[in-house]
Amino acid sequence: MNVSIFNYFRSRDKGSASIAKERLQIVVAHERKQRNQPDFIPQLKRDILDVIAKYVQVDQEDISVSLDKSDNCSILELNVTLPSA
Amino acid sequence: MAKIIVITSGKGGVGKTTSAAAIGTGLAQQGHKTVIIDFDVGLRNLDLIMDCERRVVYDFVNVIEKDATLNQALIKDKRVENLFILPASQTKDKDALTLEGVERILAELSESFDFILCDSPAGIEQGAYLALYFADAAVIVTNPEVSSVRDSDRIIGLLQSKSRRAEKGEAPVEEHLLLTRYNPERVENGEMLSIEDVKDILAIPLLGVIPESESVLAASNKGIPVILNDDSNAGKAYADAVSRFLGEEVKHRFIEPEKKSLLRRVFGR
Ligand SMILES: Nc1ncnc2c1ncn2[C@@H]1O[C@H](COP(=O)(O)OP(=O)(O)O)[C@@H](O)[C@H]1O
Ligand SMILES: [Mg+2]
């Protein structure tokens with residue numbers, strides 16, 4: 001009895017607006033990061049995926065490619081998550 | 001030298017044209033010579049909102065293609081001194097606007113106007129790009145809703161990287177957030193993103209909050225910019241936003257739920 005009343009107030013306080021805000025924060029942060037990447041990164045990512053897929057089964061989301069610029073050099077970071085088996 | 005202001009959003013139907021009409025009218029009311037340009041080629045609408053649809057003879061594209069002079073195409077508002085409208089063309093040719101053409105017209109208008117408002121079409125294609133390219137300031141019209149906020153963030157990205165100021169390495173385009181169709185009751189119930197939520201995400205200064213209001217539809221039905229309706233909360237909120245744009249400090253209004261009287265609470269209205 002007490003629990004359901006408690007839940008009622010909790011669900012009001014965590015309305016759909018707070019879900020909207022969390023989802024927006026994630027997608028906007030992701031898109032801002034991509035915005036500052038050079039145009040060739042998406043194609044590079046697809047090419048790398050094609051090569052790796054010759055050997056193991058991987059998906060687009062198992063690969064992350066990013067370019068970090070510092071003062072006098074750029075570092076291309078490549079992360080591939082391989083299936084455990 | 002005029003200040004060029006783009007009214008933009010990415011997403012359609014959020015209130016750009018309503019806001020361009022209201023803010024342009026407000027600036028003219030405060031004594032600044034102002035022109036509002038409709039960049040929505042093929043989907044002209046500012047003329048209806050400003051009640052000058054029957055007075056359109058030449059349009060923006062005619063002037064760019066030198067079939068008419070600016071003086072022939074500019075429509076002088078009948079209600080407010082210092083206010084002019086340059087209507088969009090209804091051509092289906094989406095490439096009718098060119099960067100050089102737009103630049104030439106803006107330069108010519110700059111000689112005699114204080115403010116040039118560019119009412120952007122939706123999207124991030126050519127029309128929207130040209131509307132923002134020459135901007136000194138941008139009013140980013142946003143509804144408290146996920147897709148609108150995300151699209152606004154993309155437009156802010158474009159302003160920061162693809163505008164003339166960004167390309168030339170000049171001082172960045174001034175950014176102003178205009179939150180429209182805001183419903184304080186729904187925000188209080190946790191159903192709608194709040195002012196703080198949207199500010200947290202977009203991280204640009206707030207110019208104004210325009211409440212969701214029936215008077216906006218009534219205004220567009222009649223072709224009277226809502227800012228001319230002294231009884232409308234949306235109209236008053238636009239007037240406040242114009243004053244803030246001109247540097248005045250004005251407290252935000254209509255952002256809390258209206259206190260319902262006991263009788264209205266009992267009878268549910
Ligand atoms: N504050 C508001 N309250 C209620 N309706 C609004 C408000 N602002 C805009 N609208 C309505 O939203 C619709 C789209 O507005 P419009 O200015 O044409 O948007 P856009 O130019 O961004 O496509 C119109 O029907 C308009 O009347
Ligand atoms: Mg419009």
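The values are calculated or read from the model by the stated rules, or taken from the named source; none is laboratory data. Small disclaimer: the values here were computed from a predicted structure and weren't measured. Cβ coordinates were reconstructed from backbone atoms using ideal geometry, including for glycine residues, and neighbour counts include every protein chain displayed.
Only one of the listed residues (B:207, B:228) is more than 14 Å from every other protein chain (Cβ to nearest Cβ), within 16 Å of residue B:7 (Cα to Cα) and away from ligand 1 (no atom under 14 Å from the Cβ). That residue is B:207.
Which residues, taken from the range A:42-68, are among the charged types (D, E, K, R), part of a helix (DSSP H, G or I) and surrounded by fewer than 14 Cβ atoms within 10 Å (Cβ to Cβ)? Please lay out each step first, then the result.
Here is the first cut: in the range A:42-68, the ones among the charged types (D, E, K, R) are A:45-47, A:50, A:54, A:59, A:61-62, A:68.
Okay, now just the ones that are also part of a helix (DSSP H, G or I), so A:45-47, A:50, A:61-62.
Matches in the range A:42-68: A:46, A:47, A:50, A:61.
Quick check on my filter: what residues within the range B:76-123 are in a loop (DSSP other than H, G, I, E, B), within 16 Å of ligand 1 (Cβ to nearest atom) and either acidic (Asp, Glu) or crowded, with 18+ Cβ neighbours inside 10 Å (or both)? Passing the criteria: B:87, B:88, B:120, B:121, B:122. Evaluate the following for residue B:66: is it free of Cβ contacts under 8 Å to residues at least 60 places away in the same chain, at positive phi and surrounded by fewer than 19 Cβ atoms within 10 Å (Cβ to Cβ)? So residue B:66 passes the test. Selection of the range B:130-147 for residues being surrounded by 21 or more Cβ atoms within 10 Å (Cβ to Cβ) and either assigned to a helix (DSSP H, G or I) or within 14 Å of another protein chain (Cβ to nearest Cβ) (or both) yields B:130, B:131, B:132, B:133, B:140, B:142, B:143, B:144.
Only a single item in (1) in a helix (DSSP H, G or I); (2) more than 22 Å from residue B:233 (Cα to Cα) is not met by residue B:198, and it is number (2). For the criterion of being of a type in the set (Lys, Arg) and within 16 Å of ligand 2 (Cβ to nearest atom), residue B:44 passes.
Could you check the range B:1-49 and list, in sequence order, the residues that are farther than 21 Å from residue B:128 by Cα and not polar (S, T, N, Q)?
Initial filter on the range B:1-49 (farther than 21 Å from residue B:128 by Cα): B:1, B:25-33.
Within the range B:1-49, B:1, B:26, B:27, B:28, B:31, B:32, B:33 qualify.
Give B:127, B:169 a once-over and let me know the one that is on the phi > 0 side of the Ramachandran plot and either within 16 Å of ligand 1 (Cβ to nearest atom) or surrounded by fewer than 17 Cβ atoms within 10 Å (Cβ to Cβ) (or both). Reasoning before the result, please.
Details: B:127 fails: on the phi > 0 side of the Ramachandran plot.
None of the others qualify; the one that does is B:169.
Counting only residues that are more than 9 Å from every other protein chain (Cβ to nearest Cβ) and in contact with a Ser or Thr (Cβ under 8 Å, 6 or more places away or on another chain), which one in the range A:1-44 is modelled with the lowest pLDDT? Checking each candidate, the answer is A:37. Looking for something surrounded by fewer than 22 Cβ atoms within 10 Å (Cβ to Cβ), more than 14 Å from chain A (Cβ to nearest Cβ) and aromatic (Phe, Trp, Tyr) - is there at least one such residue anywhere in the range B:235-254? Yes, there is a match, as at least one residue in the range B:235-254 is surrounded by fewer than 22 Cβ atoms within 10 Å (Cβ to Cβ), more than 14 Å from chain A (Cβ to nearest Cβ) and aromatic (Phe, Trp, Tyr).
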